[in-house]
Amino acid sequence: MSPNATPSTTFASNGISIERWTKSSRVALGCMAAVLALLMFAPAVLGAGAIDRLTALFIYVILAAMWNALAGFGGLVSVGQQVFFGLGAYFTIRLADAGLNPFVSLFAAAVVTGALSIPLSLFMLRLKGGEFAIGMWVVATLAHLLVNLDGLIQGETGTSLISLNVYDSGTRRATIYWLALTAMAALLGALFILMRSRAGAAMQAIRDNEEAATSVGVRVIATKRLLFVLAAFGIAVAGGLWLATATTFQPKTYFSVQWTAYMIFMVLVGGIGKFEGAILGAILFFVIETFFGGAGVWYLIGLGATAVIFSLYLPRGLWGEIERRYDFQLLPVGYRLKLPGPHKIKWEE
């Protein structure tokens, strides 16, 4: 076999082929693009309540996709990702107070947070398994305490993104909606491209067996750092967008572990390690919150019980189970080996 031969040309003579796209995945990508285009016009036809709820959905999709990228694709399970959510909101407040346009501040704050995650990764990525998970929770707690010391924030009393008040409510709502939609599409697109690249394959190799990945030349720490920073940036974007919708900032709310619990729930229910799973999990969480969010503590108990049930009886999540039963993928990030014969067998590589 020639070292320059591709898998498809190598196995063509034997009737074996390797594919990345299926007919259904091409159709799904086209449908998603069409849906995103239609959603751009939603502020013109939907009421204020519906726009606010859709904005929340877009933020949930970002959160689920970023935690799934870190844990599902990279094997870095964290219970402290609320640190980036809180810092994204905090730096938005800080930059807006310094005179920067509040909408620009949302993304500038995410850049600052992403930059801070780089030196943080030098220490955190030396930890593994439970140590990394708890270590991130400790970092989130420390960040919460430090933010409380800022005089602008006034401790747990908090403050508001008052610079948004210069815009009328309709303009503000529509702009935040479009920013959330654009951010969701951009982050999902970037993650999809990344996971289908060599770096994405390296990340999944590290997740499956770090020692084996190291032995074949994968730069483990550098690859983990790329995913860590991307997740930090994406979650910070979500934090800034949430602040823009709520306008008020209280550290205990934004640095609450509840945000990471929501991320874990969405990914577990939708399907950890599945690109489609995070999106499905976010939609399901959004529906549950919309109809049962007013139930108070019983709502939280129900979420916890649902997560436990899925962990025990559907560990692959809903999309993982669909994929296992029907061999059906919409947005594949791996390869599929297709064998010849009357009963063609396919599986993901």
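The values are calculated or read from the model by the stated rules, or taken from the named source; none is laboratory data. As the structure is a prediction and not an experimental result, all values here were calculated from the model. No Cβ is skipped: glycine too gets one built from the backbone with ideal geometry, and neighbour counts run over all protein chains shown. Calculation scope for accessible area: heavy atoms of the full protein, side chains included, ligands and nucleic acids excluded. Shrake-Rupley method; radii C 1.70, N 1.55, O 1.52, S 1.80 Å.
Figures for the structure shown
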{"read-out": "Difference of contour (0.36 nm per residue) and Cα-Cα distance, Ala33 to Ser311", "value": "96.9 nm"}
{"read-out": "Non-local Lys pairs in the chain, i.e. 8 or more apart or on different chains, that have alpha carbons under 23 Å apart", "value": "10"}
{"read-out": "Per residue convex hull volume, Cα atoms of segment 199-299, in Å³", "value": "130 Å³"}
{"read-out": "Nearest-ten-degree value, helix 258-270 long axis tilted from longest Cα axis of the chain", "value": "30 degrees"}
{"read-out": "Cα centroid of segment 62-83 to Cα centroid of segment 202-233, whole Å", "value": "14 Å"}
{"read-out": "Calculated from backbone phi, Karplus (6.51, -1.76, 1.60) coupling profile of segment 146-160 in Hz, x at Gly/Pro", "value": "5, 4, 4, 7, 6, x, 5, 7, 6, x, 6, 5, x, 8, 10"}
{"read-out": "Degrees between helix 48-67 axis and first principal axis of the chain (Cα, 0 to 90, nearest 10)", "value": "50 degrees"}
{"read-out": "For the chain, built as a Gaussian network whose Cα springs stay under 10 Å, the top-fluctuating residue of Met40, Met195, Met266", "value": "Met40"}
{"read-out": "Hydrodynamic radius by Kirkwood, which averages 1/r over all alpha carbon pairs of segment 63-123, in angstrom", "value": "12.5 Å"}
{"read-out": "Surface/4 of the Cα convex hull for segment 129-225, nm²", "value": "9.5 nm²"}
{"read-out": "Cα-based equivalent ellipsoid of the chain: semi-axis lengths in Å, sorted from largest, via gyration tensor", "value": "36, 24, 20"}
{"read-out": "Estimated translational D of segment 139-283 in µm²/s (Stokes, Kirkwood radius over Cα pairs; 20 °C; 1.002 mPa s)", "value": "121 µm²/s"}
{"read-out": "Principal-axis tilt of helix 169-195 within the chain, Cα atoms, nearest 10 degrees", "value": "30 degrees"}
{"read-out": "Simple label model, 7 Å out from Cα along Cβ direction - Val138 to Glu210, nm", "value": "1.6 nm"}
{"read-out": "Directionally averaged shadow of segment 81-168, computed from the convex hull of its alpha-carbon atoms, nm²", "value": "6.3 nm²"}
{"read-out": "With every protein chain in place, the chain: carbon and sulfur % of accessible area (1.4 Å)", "value": "68 percent"}
{"read-out": "Where the chain is the region considered: accessible area per residue in Å², 1.4 Å probe", "value": "48 Å²"}
{"read-out": "Between segment 126-154 and segment 156-197, the alpha-carbon center distance in angstrom", "value": "24 Å"}
